[in-house]
1. Looking at Gly123, is it at pLDDT below 95, on the phi > 0 side of the Ramachandran plot and either of a type in the set (Asp, Glu) or surrounded by fewer than 18 Cβ atoms within 10 Å (Cβ to Cβ) (or both)?
2. Would you pick out the residues in the range 149-172 that are free of Cβ contacts under 8 Å to residues at least 24 places away in the same chain and either open to solvent by 50 Å² or more (accessible area, probe 1.4 Å) or more than 20 Å from Asn202 (Cβ to Cβ) (or both)?
3. Could you tell me how many of the residues in the range 173-205 are touching a residue at least 12 places away in the same chain (Cβ under 8 Å) and part of a helix (DSSP H, G or I)?
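The values are calculated or read from the model by the stated rules, or taken from the named source; none is laboratory data. Computed from a predicted structure; not experimentally measured. Heads up, the Cβs are rebuilt from the backbone with ideal geometry, glycines too, and the neighbour counts pull from every protein chain shown. Ligands, DNA and RNA are stripped out before the accessible areas are found, and what is left, the full protein with its side chains, is counted by its heavy atoms. Shrake-Rupley method; radii C 1.70, N 1.55, O 1.52, S 1.80 Å.
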Amino acid sequence: MQWPDTSSFRSRWSLPAAAAALALLVGGCDWYYNDVPSPDDLMHVIPWFDHMIYSRAVHPYSRADIPRNTVDGTVPVTGGEKDWSLEWAAAKTTTADALQNPTVNGVSGPEVMTGAAVPRLPGTLDAKGDTLFQTYCAVCHGEAGAGNGLVGRKIGAPSLLTARARAYTDGYVYSIVRYGRGLMPRYGDKVYEPIDRWAIVNRVRKLQAAAPAEPPAPGGPK
């Protein structure tokens, strides 16, 4: 096979001609980028795009009659549970003691829910209280509430079976669960549903009812 002779092509292109062609090409690029309208400019012409600022947005939650599923723990715009942390931190228990345990036979009431009431069967609420107590409380207070948990024995966790603990109002115990007190840290950021905190309160009351009262410990924070 014989390759074609390209000497005639090479002779047609001199160095100045090649430089001129390159300059024309570069100038053409400048013209294209500087003078030809960018496709992005069409965004300002079509209202649907317009850089997505003034687009025809869809608002699925703008109507109250559309059902929606919210994330657990979400507080609605209409408000949620009252916050009395400042009063509690100042050792004032007026709001705490005024709280009423809304559970009757283990069924939740609407005043402890952030939205509509969600009734729970008594057995379900009891089981939830036992599970939460074993998860968050027993490590210090012990499985029976005697203050002999694995960690409780090392830090001096108080017993929940003393006459003093039994005299606390349900709202006071609820506030301890939510905000903490003394050695106990707050658990409201972990047990964030009010009905679950009341389930823990009910579990504490059942442990107290199942055990004889202990003598009050001398001193100790309220």
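1. Details: at pLDDT below 95: yes; on the phi > 0 side of the Ramachandran plot: no; either of a type in the set (Asp, Glu) or surrounded by fewer than 18 Cβ atoms within 10 Å (Cβ to Cβ) (or both): yes.
Considered against the rule, which asks whether it is at pLDDT below 95, on the phi > 0 side of the Ramachandran plot and either of a type in the set (Asp, Glu) or surrounded by fewer than 18 Cβ atoms within 10 Å (Cβ to Cβ) (or both), Gly123 comes out as no.
2. Narrowing the range 149-172 to residues free of Cβ contacts under 8 Å to residues at least 24 places away in the same chain: 149-154, 167-168.
Result: Leu150, Val151, Gly152, Arg153, Lys154, Ala167.
3. Let us first name the residues in the range 173-205 that are touching a residue at least 12 places away in the same chain (Cβ under 8 Å), namely 173-175, 177-179, 181-184, 187, 190-205.
Keeping just the survivors that are part of a helix (DSSP H, G or I) gives 173-175, 177-179, 194-205.
Number satisfying all stated conditions: 18.
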